[in-house]
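Visitor: Dropping the structure in here first, questions after.
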Amino acid sequence: MESAIIISLLGGKKMLGNTENLSALAELGLPKQSLVFFLRLSRLDEKRVFRYLDVTKRTLDNYKPEERMRLYISDRLIHLAQLYAKGKQLFNSLESFSEWLNLPSIDLNGEKPIDHINTRNGIDELLAILGRLEHGVLA
């Protein structure tokens, strides 16, 4: 997957700098602005994202906009952005991908994909489903 798409979902090079190494970005820590930018683009419910990031809104409110978030928060946000980058590539827009996330899925026994955005394994499962869709493999 193109790291450039992931970086663009997190605010782009202007916000993150010139590196395209996602591991290095996680270790350095993403600026809080990246989270705000991603929330605006993804239109995901804040509560869902904060639960996945395992952080409270109050904790995030204590960060200044340019302040870098801790490693595990940054790493999880990058992982979530990977899902959205894959969805954007496959569905050609974030809006279409968001529609897919909110529809019951045969691959998930009728559950909505968005309900699996709560653990790394859930996101990995959604990435696997998107991979199968990309290659034309049905459930």
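Visitor: Taking the conditions exactly as written (of a type in the set (Phe, Trp, Tyr), farther than 28 Å from GLY136 by Cα, free of Cβ contacts under 8 Å to residues at least 40 places away in the same chain and open to solvent by 40 Å² or more (accessible area, probe 1.4 Å)), does PHE37 satisfy them or not? Step through it out loud before you land on a result.
Guide: On the way: of a type in the set (Phe, Trp, Tyr): yes; farther than 28 Å from GLY136 by Cα: yes; free of Cβ contacts under 8 Å to residues at least 40 places away in the same chain: yes; open to solvent by 40 Å² or more (accessible area, probe 1.4 Å): yes.
Yes; evaluated as a whole, the condition is true for this residue.
Visitor: Mind counting the residues in the stretch 67-84 that are open to solvent by 10 Å² or more (accessible area, probe 1.4 Å) and more than 14 Å from the chain's Cα centre (by Cα)?
Guide: So the count comes out to 4.
Visitor: State the number of residues belonging to the stretch 50-61 that are in contact (Cβ under 8 Å) with a residue 12 or more places away in the chain and open to solvent by 70 Å² or more (accessible area, probe 1.4 Å).
Guide: 2
Visitor: Between LYS47, LYS64, which is farther than 23 Å from GLY17 by Cβ, surrounded by fewer than 17 Cβ atoms within 10 Å (Cβ to Cβ) and over 12 Å from the mean Cα position of the chain (by Cα)? If you could, list the steps in order and put the result at the bottom.
Guide: On the way: LYS64 fails: farther than 23 Å from GLY17 by Cβ.
Matching residue, one of LYS47, LYS64: LYS47.
Visitor: Filter the stretch 7-30 down to residues that are open to solvent by 40 Å² or more (accessible area, probe 1.4 Å) and of a type outside the set (D, E, K, R) and give me whichever is nearest to LEU94 (Cα to Cα).
Guide: SER8
Visitor: How many residues does the stretch 104-139 contain that are open to solvent by 80 Å² or more (accessible area, probe 1.4 Å) and touching a Pro at 6+ places or on another chain (Cβ under 8 Å)?
Guide: 2
Visitor: Of all residues in the stretch 95-128, how many are touching a Ser or Thr at 6+ places or on another chain (Cβ under 7 Å) and touching a residue at least 12 places away in the same chain (Cβ under 8 Å)?
Guide: Final tally of qualifying residues: 1.
Visitor: Continuing with this model, one more query. Select from the stretch 85-103 the residues that are polar (S, T, N, Q) and open to solvent by 50 Å² or more (accessible area, probe 1.4 Å) and write down the one among them that is nearest to VAL55 (Cα to Cα).
Guide: The qualifying residue nearest to VAL55 (Cα to Cα) is ASN102.
Visitor: Looking only at the stretch 53-74, which residues are in contact with a Leu (Cβ under 6 Å, 6 or more places away or on another chain) and more than 13 Å from GLY29 (Cα to Cα)?
Guide: None; the set is empty.
The values are calculated or read from the model by the stated rules, or taken from the named source; none is laboratory data. Because the structure is a prediction, the values reported are computed rather than measured. FYI the Cβ positions are ideal-geometry reconstructions off the backbone, even for glycines, and counts take in every protein chain you see. With ligands, DNA and RNA removed, areas are computed over all heavy atoms of the protein, side chains included. Shrake-Rupley method; radii C 1.70, N 1.55, O 1.52, S 1.80 Å.
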